[in-house]
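Working notes for the structure below.
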Amino acid sequence: MEKENSGATSSGPHTDDLELTLDGRPAGAFASQGQLRALVLALKIAEPYLLQKLSTQGPKTSQKNARAFGKAVTQSPLLVTLLWGAVLAATAEELLFRGALLRALQRRMAPAWAAFVSALAFAAVHPLLSPSIGSVIAIPGLFALGLLSAALAIRTGNLSASILVHAGFNLLTAVSVLAAR
């Protein structure tokens, strides 16, 4: 009610969909609202410069960087590659599906429905990105992972637990696929 009286809105792209935490504490505990806004403003000012720098590197530099990354990953020990893939994919997907989508849905519907819709979207996207009979068969398991991750995110108020569960799921999946070969 206080937000409504102050003229601020409680929905829209300016609302906090993601929260930066350090040691489980919000970044606001370490910096004032003004300092956080100054940081965001500095990043926004730097954005065009960074984009311009990246765009002037040209495709050869991008291809060179991609090849170097691919070589580093493929020549890494299997365990490092598995952990990297599990953690990186889990973090990115949790930021998207539980960080942004779930929080946006929670502003528009009950938490249980928001969890259901975000889990359904999570499960549906995977076969679209990698269409195969295996990815279609995995939909129920992905939906269950989505529900569990959403419940953890709602219950704890952050993404740490859902990222860990998701990374564990990815790691077990990769190990079981490799073991089946």
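The values are calculated or read from the model by the stated rules, or taken from the named source; none is laboratory data. This is a predicted model, so every value here is computed, not measured. Positions of Cβ are generated from backbone atoms using ideal geometry, with glycine treated the same way; all protein chains shown enter the neighbour counts.
Things worth noting here:
- Scanning segment 99-116 for residues that are of a type outside the set (G, A, S) and over 23 Å from L164 (Cβ atoms) yields R107, R108, M109, W113.
- Flag for F169 being touching a residue at least 60 places away in the same chain (Cβ under 8 Å), under 17 Å from the mean Cα position of the chain (by Cα) and within 13 Å of A123 (Cβ to Cβ): yes
- Subset of segment 147-181 (residues that are closer than 15 Å to A92 by Cβ and not in a helix (DSSP H, G or I)): L159
Listed here are the residues, each with its yes/no results for (1) farther than 18 Å from V165 by Cβ; (2) at pLDDT below 95; (3) part of a helix (DSSP H, G or I); (4) out of contact with any helix residue (DSSP H, G or I) (no Cβ under 8 Å at 6 or more places or on another chain).
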{"position": "V87", "(1), (2), (3), (4)": "no, yes, yes, no"}
{"position": "F97", "(1), (2), (3), (4)": "no, yes, yes, no"}
{"position": "S118", "(1), (2), (3), (4)": "no, no, yes, no"}
{"position": "A121", "(1), (2), (3), (4)": "no, yes, yes, no"}
{"position": "A124", "(1), (2), (3), (4)": "yes, yes, yes, no"}
{"position": "L128", "(1), (2), (3), (4)": "yes, yes, yes, yes"}
{"position": "G134", "(1), (2), (3), (4)": "yes, yes, yes, yes"}
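- Applying a threshold of 8 Å to beta carbon distances and a minimum spacing of six or more residues, or different chains, the list of pairs starting in segment 101-122 at a residue that is more than 13 Å from L148 (Cα to Cα) and ending at one that is surrounded by fewer than 21 Cβ atoms within 10 Å (Cβ to Cβ) and among the acidic types (D, E) reads R103/D17; A104/D17.
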